[in-house]
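J.: After the structure tokens below, expect a handful of questions from me.
The values are calculated or read from the model by the stated rules, or taken from the named source; none is laboratory data. It should be emphasised that the depicted structure is a prediction, and the values quoted were computed from it without experimental measurement. No Cβ is skipped: glycine too gets one built from the backbone with ideal geometry, and neighbour counts run over all protein chains shown. In case anyone asks, the SASA skips ligands and DNA or RNA and just uses the protein heavy atoms, side chains included. Shrake-Rupley method; radii C 1.70, N 1.55, O 1.52, S 1.80 Å.
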Amino acid sequence: MQEPLNICLDLGTKTGYAVRVGAGPVLESGAWDLTPAKGSHPVWRYKLFAVKLRKLAARHPQSGDSGGRHVWYEKVHRHEGTVAAHVYGAFQCVLWSVAAELDLAIHTVEVADIKSAALGKGGGKGTGKFQVVRAACRHFGKSIVSPDEADSLWISEVAAGLVGAGALEY
């Protein structure tokens, strides 16, 4: 069985991303700051996200060709405010549109699964952003300053685990 290409995202104004083939090493990771410039059109951040996602997928065209190309993202059920919920929904809409255009299968990962992969428990005391970033630095052996990048790396770990356990067919 060929290994799939997994593009893993933590959606938001600061979007974390990680690219990995199956359970192999992370090929690329980071975070995009999609904060609109003062005076720019509100739709600018979503257009920039679409461009960055297309470029990211284009940098890995051969990866996972036979195993499929997939995008995984954190599924958020509740936001702190109405604006955050709308922004997340807009990023999700753009993601689905670009994924359809690029023939990427879409999968979601629950917040509790990300925390469990990072810290061994799905929530509660000691499962904050700082702890998730610190755990990512140790596990992936690199300096990570953005909680968004850390979450995307842990999403890649959850994706690799689901594929490796046979819980997800490609």
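J.: For the stretch 1-142, with every protein chain kept in place, what is the accessible area per residue (1.4 Å probe, Å²)?
T.: On the way: 7610 Å² over 142 residues.
Spelled out: the 1.4 Å probe surface of the stretch 1-142, per residue, equals 54 Å².
J.: Let me ask you something else. Quick check: at a probe of 1.4 Å, how many percent of the accessible area of the chain sits on carbon and sulfur atoms? Present the calculation step by step, with values, prior to reporting the outcome.
T.: On the way: 4860 of 8770 Å².
Whole-percent figure for carbon plus sulfur exposure: 55.
J.: Something else about it: How many nm separate the modelled label positions at LYS55 and LEU102, each set 7 Å beyond the Cα in the direction of the Cβ?
T.: Those two pseudo-labels are separated by 1.2 nm.
J.: Okay, next question. Taking H placed 1.01 Å from N in the peptide plane, check which residues at least 5 places from GLY68 or on another chain put their amide H under 5 Å from its amide H.
T.: Answer set, sorted by chain and number: LEU5.
J.: A further question on this structure: Comparing GLY89, GLY30, GLY16, which has the greatest mean-square fluctuation in the GNM of the chain with Cα pairs linked when under 10 Å apart?
T.: In this elastic network of the chain, the residue with the biggest mean-square fluctuation among GLY89, GLY30, GLY16 is GLY89.
J.: With all protein chains present and a 1.4 Å probe, how do ASP103, ASP148 order by accessible area, largest first? Write down the numbers at each step before the final one.
T.: Details: ASP103 130, ASP148 30 Å².
Ranked from most to least accessible, the order is ASP103, ASP148.
J.: Could you identify which residue out of LYS14, LYS142, LYS115 has the top mean-square fluctuation in a GNM of the chain using Cα springs shorter than 10 Å?
T.: Its mean-square fluctuation being the largest, the pick is LYS142.
J.: Provide the per-residue ³J(HN,Hα) series for the stretch 5-21, in order, calculated from phi with Karplus coefficients 6.51, -1.76, 1.60 and θ = phi - 60°, each as a whole number of Hz, with x at glycine and proline positions.
T.: 3J(HN,Hα) across the stretch 5-21, in whole Hz: 7, 10, 9, 10, 10, 10, 5, x, 4, 10, 8, x, 9, 8, 10, 8, 9.
J.: Taking amide H positions as placed in the peptide plane 1.01 Å from N, state which residues far from GLU110 in sequence (5 or more) or on other chains have amide H under 5 Å from it.
T.: Distant-sequence amide H within range of GLU110: LYS75.
J.: Here is a further query. Could you run the Karplus curve 6.51 cos²θ - 1.76 cosθ + 1.60 with θ = phi - 60° over the stretch 85-95 and give me ³J(HN,Hα) per residue in whole Hz, x for Gly and Pro?
T.: Couplings: 5, 5, 4, 4, x, 5, 4, 4, 4, 5, 4 Hz.
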